[in-house]
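Report on one structure; see the data block that follows.
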Amino acid sequence: MSNKTALVTGGTGGLGTAICKALADRGDRVIACYIPSDEETARAWQDQLKDEGYDIQIIAGDVSSFADTQRMIREIEANYGWVDILVNCAGITRDKTLRKMDEKDWEDVVSVNLGSVFNVTRQVIDGMIERGFGRIVNISSVNGQRGQFGQTNYSAAKAGMHGFTMALAQEAARKGVTVNSVSPGYIATSMTAAIPEEIRNQIVAGIPVGRMGDPEDIAHTIAFLTDEKSDYITGANIPVNGGMYMSF
Ligand code: CAA
């Protein structure tokens with residue numbers, strides 16, 4: 001048992017579900033945050049996981065709003081106690097070439113993917129530093145590292161997440177709080193299922209491992225980074241991409 005409380009934003013999504021399960025498997029108390037408009041789906045998700053033996057709490061929160069995030073964290077602290085582990089996993093795509101992209105496509109993607117990292121982390125960082133323990137993991141993307149045709153908004157937001165990671169890692173390094181990024185490649189979720197099939201097949205053909213990843217590949221990495229023993233890894237980015245983009 002870890003006796004830690006973990007908050008996973010985007011917790012009811014494809015990657016989020018696997019992450020919630022992996023953290024619950026090692027004994028964390030897990031809270032999944034979902035978009036307020038998804039109440040019904042989130043309750044069904046919670047029931048489904050209960051049938052599978054997982055007791056995961058759910059909480060509504062618009063992570064693109066600072067005010068709503070503040071309200072959400074207050075509610076979590078009142079009902080479950082403080083957050084020891086934060087996984088910033090909420091993310092959306094609005095894929096279009098820049099010539100077709102409008103202001104809303106840009107703002108939605110930047111505020112949900114990157115703005116949320118500030119909004120949520122800002123609410124929990126003081127407590128983590130005061131208590132001398134914290135694990136923060138930001139789910140970035142291979143496309144933040146290398147760019148992707150049709151994703152100027154998403155690539156910019158995902159690259160920005162890692163800049164945030166490196167800066168906060170320095171601020172929190174002496175306080176027992178680690179801050180890292182994980183950069184998934186193409187993982188089998190509804191997000192990649194939305195890519196037109198022909199384009200998806202071309203992308204998969206270029207992955208050295210020869211297939212898309214599984215959400216569990218990401219969850220496994222999150223469990224490792226958020227382990228109490230992973231206290232000397234901070235400011236790092238761990239790519240989990242089947243060899244799609246190799247760097248050091
Ligand atoms: N590189 C270079 N040229 C390309 C290209 C590429 N990768 N893809 C398309 N083109 C070319 C086409 O051949 C075409 O050329 P012509 O005009 O000369 O015929 C032109 O670009 C098409 O441009 P359009 O503006 O008309 O593009 P479109 O509307 O047909 O499609 C798109 C654009 C919707 C972005 C589509 O390319 C697409 O869906 N791409 C995949 C984007 C992607 O990988 N998203 C990842 C989502 S999952 C995720 O994000 C998770 C994660 O972290 C990995």
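Scanning the range 227-244 for residues being of a type outside the set (A, V, I, L, M) and not in a loop (DSSP other than H, G, I, E, B) gives a total of 2. Scanning the range 219-235 for residues that are over 14 Å from the mean Cα position of the chain (by Cα) and crowded, with 18+ Cβ neighbours inside 10 Å gives a single hit, 234. For first residues located in the range 88-103 and over 19 Å from residue 142 (Cβ atoms) and open to solvent by less than 40 Å² (accessible area, probe 1.4 Å), partners that are more than 9 Å from the ligand (Cβ to nearest atom) and among the charged types (D, E, K, R) and lie 6+ apart or on another chain with Cβ distances below 9 Å form the pairs 101/94. The set of residues in the range 174-218 being away from the ligand (no atom under 12 Å from the Cβ), within 16 Å of the chain's Cα centre (by Cα) and open to solvent by 50 Å² or more (accessible area, probe 1.4 Å) consists of 214, 216, 217. Taking the criterion of being β-branched (Val, Ile, Thr) and part of a helix (DSSP H, G or I), the residues of the range 160-216 that qualify are 165, 192, 199, 203, 204.
Taken together, the residues in the range 76-125 that are in a helix (DSSP H, G or I) and not polar (S, T, N, Q) amount to 23. Residues that are over 28 Å from residue 74 (Cβ atoms) and more than 10 Å from the ligand (Cβ to nearest atom) were ranked within the range 104-144; the one that is least open to solvent (accessible area, probe 1.4 Å) is 105. Scanning the range 149-196 for residues that are hydroxyl-bearing (Ser, Thr, Tyr) and touching a residue at least 24 places away in the same chain (Cβ under 8 Å) returns 152, 154, 165, 178, 181, 183, 186, 189, 190.
Yes or no: the range 43-58 includes at least one residue that is within 30 Å of residue 237 (Cβ to Cβ), open to solvent by 50 Å² or more (accessible area, probe 1.4 Å), of a type outside the set (Gly, Ala, Ser) and part of a loop (DSSP other than H, G, I, E, B). Scanning the range 43-58 turns up no residue that is within 30 Å of residue 237 (Cβ to Cβ), open to solvent by 50 Å² or more (accessible area, probe 1.4 Å), of a type outside the set (Gly, Ala, Ser) and part of a loop (DSSP other than H, G, I, E, B). Considering only residues in the range 207-230 that are β-branched (Val, Ile, Thr) and without any contact (Cβ under 8 Å) to a residue 60 or more places away in the chain, the one that is nearest to residue 2 (Cα to Cα) turns out to be 221.
The values are calculated or read from the model by the stated rules, or taken from the named source; none is laboratory data. What you see is a predicted model; the values in this text were computed from it and never measured. Cβ coordinates were reconstructed from backbone atoms using ideal geometry, including for glycine residues, and neighbour counts include every protein chain displayed. These accessible areas exclude ligands, DNA and RNA; they are computed on the full protein's heavy atoms, side chains included. Shrake-Rupley method; radii C 1.70, N 1.55, O 1.52, S 1.80 Å.
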